[in-house]
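The values are calculated or read from the model by the stated rules, or taken from the named source; none is laboratory data. In this text, all values refer to a predicted model and were calculated from it rather than measured experimentally. As a convention, Cβ positions derive from the backbone with ideal geometry for all residues, glycine included, and neighbour counts pool all protein chains shown.
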Amino acid sequence: MPWNGHREITLQVNKADGNFSSAFCVLFRLNALRKFTGKKEYRTGEVPGENMTDPITWIANWLETILEGIGLPVGIMVLILTVLGVLIVVIFVLAIDIFLVWMERKVVARFQDRLGPNRVGPYGLIQPIADVIKLIIKEDTTPKGADVLIYNIAPVIALASVLIIWAVIPFTPTLVGAEVNIGVLFIVAFGGIGTLAIIMAGWSSNNKYALLGAFRTVAQVISYEIPMVIALLIPVIFAGTMSIQGIVNSQELWNIVIAPVAAAILLVSSIAEIGRTPFDLLEAESEIVAGFHIEYSGMKFGLFYAGELLHALTIGALFSTLFLGGWRGPFVEQIPVLGIFYLFGKAFLVYFLIMWIRYSLPRIRIDHMLNFNWKFLTPLALIALMVTAILDKLLTDFSNITYAVIMLVVNLVLIWAVIMVLRIYASGERKKVGELKPTANADAVLSTFGKDVSSAQETSGAST
Amino acid sequence: MSFEQVVFILVAAGTLGAALLVVTTRNLIHAALWLIAALFGVAILFVFLNAGFFGVVQIVIYIGAIAILMIFAIMLTRQISSEKSARFNKNWLWAFFISIIFFAGIAYILSLWPEFGTTKPILSAEIDPVKQLGVALVSPQAYLLAFELASVLLLAALIGAVIIAWEQR
Amino acid sequence: MGAEVRKTMIPISWFLIFAAALFSIGLFGVLSRKNAILILMGIELMLNAVNINLIAFWRYRDSLDISGQAFAVMVFAVAAAEVAVGLAIFISVYRRRGTISADEIDLLKW
Amino acid sequence: MNIETIVWLIPLPPLIAFFLIILITNRRKRASHIIAISAAVISWFLSMLVYWFASRVDHLGEHPIVSSIPWIPTGDGWLFIGVQIDPLSAVTLFFVAWTVLMIFIYSVGYHNFGQPKGDQDRPGLPPHGATVSDVQGHKHLVPSIEPLYSRFFAFIGLFAFGMYFLVVSNNLLTLFIGWEIMGFCSYILIGFWYAKLTARAAMIKAFLTTRVGDVFMLLGIAYLYSETGTLYYRDILYNPEVLQELGTTPSGFLGFSVAGLIGLLIFIGAVGKSAQWPLHVWLPDAMEGPTPVSAMIHAATMVSAGVYLTLRIFPLLAAGMEHGHPTQTMNIIAFIGTFTAIFAATIAIAQKDIKRVLAYSTISQLGFMFAAIGIGAYIAAVFHLVMHAFFKALLFLGSGSVIHGMEHGVYHTGDHIDPQDMFNMGGLRKRMPVTFITFLIGGLALAGFPLVTAGFWSKDEIFADAFGHNHWLVFITLALAALLTAYYTMRQITLTFLGESRTDAAKHASESIWTMTLPLIMLAVFAVALGWAGIPEDFPLFGNIIPNYVHEFAGETLLEESKPVNFNFIPLVTSIFVSLGGLGIGWLVYRSIKSGAVDPAKKALGTIFVVLENKYYFDELYDFLFVKPAYWVAENFSYKWMDRKVIDGAIHWVASTSLVIGTFLRNFFDVPVVNGFGDWVGESTKKLGTVFRSIQTGRIQQYMILALVTVAVFTALLYYLLIIGR
């Protein structure tokens, strides 16, 4: 086995990708054990990916040995492998995306007590393919006075900004795209790019509804990024690193157990981030016909659509990575490839939750949306962050179990307090709504009713 | 010419081109988008300098916030592409010459610098720049005060922006 | 580090020259554009050039001395603050005077 | 969270409560008392924790719980402040925590929480009751809630802070701070009903009188600091060299040693605070305050602080005391204590007001303690201090409950009689049983009823010590005082509870609510049970049942273990005799008083009784000696002569002359020179401005270009000159 030589090469590869990793995170490299920065130490000799427990790594090593066999320089080899990896993952994810279309439609149908697609193929499984074909053969219109370049780039960016995030999500203990030590920040960054795409689309289509949609997007996404970032910081505090793989490795106990508040905040703000109901103000059909992609048709619209669905799944994967232990699950240490299934299982769970919310809740008003963020979510997130940070420092020299228990208890207290505050606020609101409306001449009005004030107030009180 | 150098030259050239377009295009939105391109290029250059953290922060702050805010402001001030007014003010030639002079001066002075051609020292594997930076920013011996001042500055800017842009009605 | 390695690596001069060029371009934008927002963009370019220099010096000199990065962080903060306030000012100016062209905002002249 | 931190934390909650109530919840009565009581509970819990911990350290006296921090930089080094728990402070903490908590709870009921607002209640006056109409619609008067309810809790919170602070502090300076905080709180709380003239007078009287003592105390502390350079207990009181040094060097004042003089000065402070003769006059008047205040400040805690302080500096007093002969200072203390004991006791037998009797009995009991200190009976003093705190608090609270019941009756009947006058009461045992039982227990404890009550053991210990060290005078006087004590206690109980009701109000008095009776019961338990902790070993029958806990524990505070005097029957018999005798006489004399009858003792004693009734005319004496002259001086000297003639005259002269000078300067300097110059500058600037303003186009970019061109040119110039030029 040429492992010794291989080691040196791979070390150089690391030096090289030390430079490249976060720049071309788009490039998805299949390098397994070198980038594995977990707590688990591999004894030399026993290398995962030798056997079929970790096929992808195995293939990667095999390819490397071959390429090096032909005598390619390291840089080129890395490039080839990288591009290869990127292609594989992108195709894989997009395939899932197509399946998502079918799933979404089925689930919404069930929620609305319909059957959903059931004509093309068994259970309508082929339906999305048909949709894609339809989208492709549709006429591709470009509105007059549109800014052609931007108009055409926007959908691509929209989809790419979602795909990029998959670069840092670890699939198995040994398989992660770009093991950047600032993965969390990375995710936030490319969320911003997504916003950019929407703005470009909205502005360039030269349509006031589209522009309105873009405005709303900016208002919403930028404001909801804040609680999201703060909530993301909490797992970072637990793990002590911003690298996603590190966060997953640190979760012997799932983070959601010790930080439910942060999890909830992350979920809500991500739903707002992807602009799904109840936060779908950026494409509110009843208000601004379809928002930013009103002018798009054919595959360009398809890209937006796919991007949105995929973004939801991405959020699911992200959430399960940060709070549900990512690839963790039974036997995953022995058979790393299982991690993929665990990860996607959890991701689909969260995705279903998001759909559930989407199809159960109505859309909220825009001012409510902003108030909810600035007056409730952000302060709550800040409080949670402070509490977690302080506790984390206080509990350093406690055993893990005490740590977890105290964290959980504090979180529950926080939740309770929040509920109390909300109840007080809500009762105040109800009073405000339900109080006796001022009338021109109360006595006259009441006398016409032929009641005295007290009974009138009683009735008004009863009416509320 | 190594792979690295080629990439660098491409990125740098792209960035400078984008920057030039920023200051020359008539269409404001295009200028903003070119600005984003330039900023992205700068981010990549940060990565070349093993400062991946700064690369990503650049994307978060500049592209994710600043550039989008600018686009937002452009849309609010309705200076959409249709304005055919002059893009430069009348003393733009002066500005051009001054910029050239500055560039030339800086380049000349730099070229006199003995270590002008130094290449990167090896970044030893065990030091983690991000960790170092974090420690330095919050350690009283280092930049704690500056850090806090920056946060106060941001708070002040936040409030100030709200107050200034407030619509009195 | 042999000669051929030197050849394959990027000297600091590239970064510095690049930064100088970026700075000058930004300067030109600041000095010459009419629209205030574009002036702001020019300023952003200049700040970016400064950051490139800071990081480059950090990387090429003593990478244990973190001050370069720290200053870069400060520059980020200042840039963010400046944009926030600047844009707010422009918007309110636009509300009052209907323009944000830099040389029509000259109430302060004699 | 080690024990030192907990000790630091003990005083804090009441202070926080004070600020919370004053700043935030002062409009919300419920929130206020919840905050205050929870603060008291926290402090109580911490104190118990500390006490439990301290009682498990063996030889706590040698190595107490100490922690200190630098506070004020002095010339060389720091002035440290800190906390210290040694046996003395531990036991003090114990009773302080209990009484404070109990009284906090009691106050809720005492101030009629939950009752309606009064009809014509005004802040600063006691509530007058509110008329409510029940379902049948006929109105009747019920007690109304105190208008300044929140404020009261804030104040007692502050007071509790002061007391805890004093107890846990480990040096005389912080002790003095706590001392003064308590003084201030006592001032504002005596005058809590500030709209009553008597209350106002009483508060001022109390403040000024204690001030006299405090000044001397401050002198003593300063003297001590100048002599030793430190105010630490550990540094001064617990290393023999310093004590020896202080004890032997003469101070050159009436042959006192330095230690003696310092001790005397500080003791005078204690005299003021503990209302010993001759500074006793303020305490009876202090009864103008609400009863919880009387119970907490003027029976349990603050006046005990004086004794605590004197016990604290006991090594200083005892310094230079060779084989059992008390020092000069101790003799003085013994004299004052003994005299006060008998003196106050005699006054007490002639008072009608239920609270005043207790006030004088407090003075007298404190006298007992001082006497004990004076004769070197350290442990007896500690013991009696603790016991007295409990049963006197109990008695005061009981009297408060009685007054409350009486007020209830007064509201019911509506005839205006003084609800505090014992001659208006009688037969209350049927109306308010709980109060009666607890009050009886407290009274018996005060009277030292043999074997069961706490008071008996503590007093017995004092007697034993006085007898054992052959202080005959002290022994006999104290015995007499104890007799009187028992007498007036029984008189009080009989007049209040036994016999027939002498007024309708008393007939309609009603038992107080649980918030008031619960503390009574708790304290009653202590008033009985706690005494058993101090039974001397060699006491017949009982001696060996319970170890003499107090002696072992509190005794450790001192450097040399003080031997308990061996048992002797004379003091025992004496104390039994005096207590039972006094009780008996009291009952015989007062068992059948008809309503409106004069005090039978008055018939017996005649003029003496009148003298006693008027407290030996001490108030009048002080009024003649100090107050009137002070007024005279203030009026004639300070105001008429100094203020009006001298100061005002000077000021007027200065004013007129400066006016003249001012006019001169204005006319001949300001207008021509200064203004002229100023105008000239302004004008010329304007001219210049008109010339140069054309540059200012208002175009920011032009300015920038201008600036940059200048920069470029100058840089090039400098570069040429500096680099190429050479």
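Each row is one residue, and each column tells you yes or no for (1) at pLDDT 85 or above; (2) surrounded by fewer than 24 Cβ atoms within 10 Å (Cβ to Cβ); (3) in contact with an Asp or Glu (Cβ under 9 Å, 6 or more places away or on another chain); (4) assigned by TED's automatic domain parsing to the domain that holds D:GLY531.
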| residue | (1), (2), (3), (4) |
| --- | --- |
| D:LEU446 | yes, no, no, yes |
| D:TRP457 | no, no, no, yes |
| D:LEU480 | yes, yes, no, yes |
| D:THR485 | yes, no, no, yes |
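Considering C:GLY86, C:GLY68, the condition of being within 14 Å of chain D (Cβ to nearest Cβ) and either modelled with pLDDT of 80 or more or touching a helix residue (DSSP H, G or I) at 6+ places or on another chain (Cβ under 6 Å) (or both) is satisfied by C:GLY86 alone. Run down A:PRO155, A:PRO128, A:PRO143, A:PRO117 and say which single residue is in contact (Cβ under 8 Å) with a residue 24 or more places away in the chain, of a type outside the set (Gly, Ala, Ser) and not in a helix (DSSP H, G or I). The unique qualifying residue is A:PRO143. Against the criterion of being buried (at least 18 other Cβ atoms within 10 Å of the Cβ) and either within 12 Å of the chain's Cα centre (by Cα) or away from chain A (no Cβ under 11 Å) (or both), B:LEU39 qualifies. Of the residues making up segment C:11-29, just one is among the aliphatic types (A, V, I, L, M) and more than 7 Å from every other protein chain (Cβ to nearest Cβ), namely C:ALA19.
Residues checked against (1) among the aliphatic types (A, V, I, L, M); (2) outside the structural domain of D:ARG491 (by TED's automatic domain parsing); (3) assigned to a helix (DSSP H, G or I); (4) over 25 Å from D:ALA318 (Cα atoms):
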{"residue": "D:PHE343", "(1), (2), (3), (4)": "no, no, yes, yes"}
{"residue": "D:THR362", "(1), (2), (3), (4)": "no, no, yes, yes"}
{"residue": "D:MET369", "(1), (2), (3), (4)": "yes, no, yes, no"}
{"residue": "D:ALA372", "(1), (2), (3), (4)": "yes, no, yes, no"}
{"residue": "D:PHE391", "(1), (2), (3), (4)": "no, no, yes, yes"}
{"residue": "D:LEU394", "(1), (2), (3), (4)": "yes, no, yes, yes"}
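When each of B:THR15, B:THR24 is tested for being surrounded by 24 or more Cβ atoms within 10 Å (Cβ to Cβ), more than 9 Å from chain A (Cβ to nearest Cβ) and out of contact with any Asp or Glu (no Cβ under 8 Å at 6 or more places or on another chain), the lone residue that passes is B:THR15. Would you confirm whether or not segment D:95-116 contains a residue that is surrounded by fewer than 22 Cβ atoms within 10 Å (Cβ to Cβ), within 26 Å of D:PRO14 (Cα to Cα) and of a type in the set (S, T, N, Q)? Checked against the condition, which is being surrounded by fewer than 22 Cβ atoms within 10 Å (Cβ to Cβ), within 26 Å of D:PRO14 (Cα to Cα) and of a type in the set (S, T, N, Q), segment D:95-116 yields at least one hit. The set of residues in segment A:153-165 that are away from chain B (no Cβ under 13 Å) and surrounded by fewer than 21 Cβ atoms within 10 Å (Cβ to Cβ) contains only A:VAL156. Determine whether B:ALA142 is within 8 Å of another protein chain (Cβ to nearest Cβ), under 16 Å from C:PHE71 (Cβ atoms) and assigned to a loop (DSSP other than H, G, I, E, B). The answer is yes for B:ALA142. Any residue at all in segment C:37-60 that is modelled with pLDDT under 85 and within 12 Å of chain D (Cβ to nearest Cβ)? Checked segment C:37-60: no residue is modelled with pLDDT under 85 and within 12 Å of chain D (Cβ to nearest Cβ).
Note on segment A:206-254: residues that are without any contact (Cβ under 8 Å) to a residue 24 or more places away in the chain and among the hydrophobic types (A, V, I, L, M, F, W, C) total 4. The set of residues in segment B:1-12 being out of contact with any Ser or Thr (no Cβ under 9 Å at 6 or more places or on another chain) and at the interface with chain C (Cβ under 7 Å from one of its Cβ atoms) consists of B:PHE8, B:ALA12. Residues of segment D:129-143 that are modelled with pLDDT of 80 or more and in a loop (DSSP other than H, G, I, E, B): D:PRO143 alone.
Suppose the filter is at pLDDT below 90, among the small types (Gly, Ala, Ser), under 22 Å from D:ASN170 (Cα atoms) and out of contact with any Pro (no Cβ under 7 Å at 6 or more places or on another chain); does D:SER32 pass it? Here the answer is no, as D:SER32 does not meet what is asked. Looking across segment D:396-440, the residues that are of a type in the set (S, T, N, Q) and assigned to a helix (DSSP H, G or I) come down to D:SER399, D:SER401, D:THR413, D:ASN424, D:THR435, D:THR438. Without any contact (Cβ under 8 Å) to a residue 60 or more places away in the chain, out of contact with any strand residue (DSSP E or B) (no Cβ under 6 Å at 6 or more places or on another chain) and under 15 Å from D:ILE521 (Cβ atoms), is that true of D:LEU440? Answer is yes for this residue.
Scanning segment A:176-199 for residues that are facing chain B (nearest Cβ under 7 Å), modelled with pLDDT of 80 or more, in contact with a helix residue (DSSP H, G or I) (Cβ under 6 Å, 6 or more places away or on another chain) and part of a helix (DSSP H, G or I) yields A:LEU185, A:PHE186, A:VAL188, A:ALA189, A:ILE193, A:THR195, A:ILE199. For the residues A:ILE271, A:ILE258, A:ILE237, the requirement of being under 16 Å from the mean Cα position of the chain (by Cα) and over 24 Å from A:ILE150 (Cα atoms) singles out A:ILE271. Within segment C:89-110, the set of residues being within 14 Å of chain D (Cβ to nearest Cβ) and among the hydrophobic types (A, V, I, L, M, F, W, C) comprises C:ILE89, C:PHE90, C:VAL93, C:ILE100, C:ALA102, C:ILE105, C:LEU107, C:LEU108, C:TRP110.
Within segment A:280-303, track down each residue that is assigned to a helix (DSSP H, G or I) and under 17 Å from A:VAL218 (Cα atoms).
Matches in segment A:280-303: A:ASP280, A:LEU281, A:LEU282, A:GLU283, A:GLY291, A:PHE292, A:HIS293.
Restricting the search to helices (runs of 4 or more DSSP H) fully inside segment C:3-109 and requiring at least 2 residues that are surrounded by 19 or more Cβ atoms within 10 Å (Cβ to Cβ) gives C:12-32, C:36-60, C:67-97. Restricting to segment D:689-706, and then to whatever is part of a helix (DSSP H, G or I) and farther than 17 Å from B:TRP92 by Cβ, can you tell me which residue is nearest to the chain's Cα centre (by Cα)? Residue satisfying both the conditions and the ranking: D:GLY689.
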